[in-house]
1. Probe 1.4 Å, all protein chains in place: accessible area of Lys98 in Å², nearest 10?
2. Computed over the Cα atoms, what is the radius of gyration of segment 58-150 divided by 2.2 N^0.38 Å, N being its residue count?
Amino acid sequence: MSAKYYANYLPKHFDNFDCLKLAPGIYVILLFVLRAYIIWIMSVTNMRDNVGFVQWVYPQTALFYLNLASGVIGLFIVLILSLRRPKAKTWVRTCWQKCKFLLILALIFDLTIGVLGYFLWQLQSLVWILMHFLVVLSAVAYILSSKRFTINIAEFPEALPENNTRKHRKTKGLEID
């Protein structure tokens with residue numbers, strides 16, 4: 001990539017593989033897509049009442065289970081993010097290139113589940129559906145307009161040359177011979 005893409009970033013914006021760190025908004029979007037899993041983990045760790053927290057956040061438990069289904073794509077994206085390393089398998093590299101599409105698909109699937117829950121089973125109010133739509137619309141707009149996320153998708157971590165790594169360790173006093 002051209003240096004002009006990286007002109008606005010400081011060294012703290014890069015990871016150990018000299019790749020630009022993932023845009024912070026993407027993590028927020030993943031939290032939104034995975035909110036049912038986060039609620040589930042919080043309810044499981046509550047030793048006194050395992051379903052009380054779920055029922056408090058999701059008064060209609062059917063919507064909770066539907067959000068678990070819609071979060072599966074988000075779980076797959078988290079898997080791809082965790083496997084994004086040098087010398088990764090070909091399928092990880094291929095899926096990483098499609099990560100923007102997958103994240104938008106996860107948001108649309110989540111919205112579809114919410115809309116179906118509203119119209120077929122009357123699980124939420126119209127105000128909830130409109131707010132959900134606005135959140136999904138703004139998240140999709142962020143994904144499509146984020147230059148940092150576009151750079152993240154275009155690059156993939158590569159192993160750094162051994163000489164640079166050894167020099168870096170020597171300057172920090174970590175080299176052991």
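The values are calculated or read from the model by the stated rules, or taken from the named source; none is laboratory data. Computed from a predicted structure; not experimentally measured. Heads up: the accessible areas ignore ligands, DNA and RNA and are worked out on the full protein's heavy atoms, side chains in. Shrake-Rupley method; radii C 1.70, N 1.55, O 1.52, S 1.80 Å.
1. Number for this one is 110 Å².
2. Details: Rg = 15.4 Å, N = 93, 2.2 N^0.38 = 12.3 Å.
Segment 58-150 yields a ratio of 1.25.
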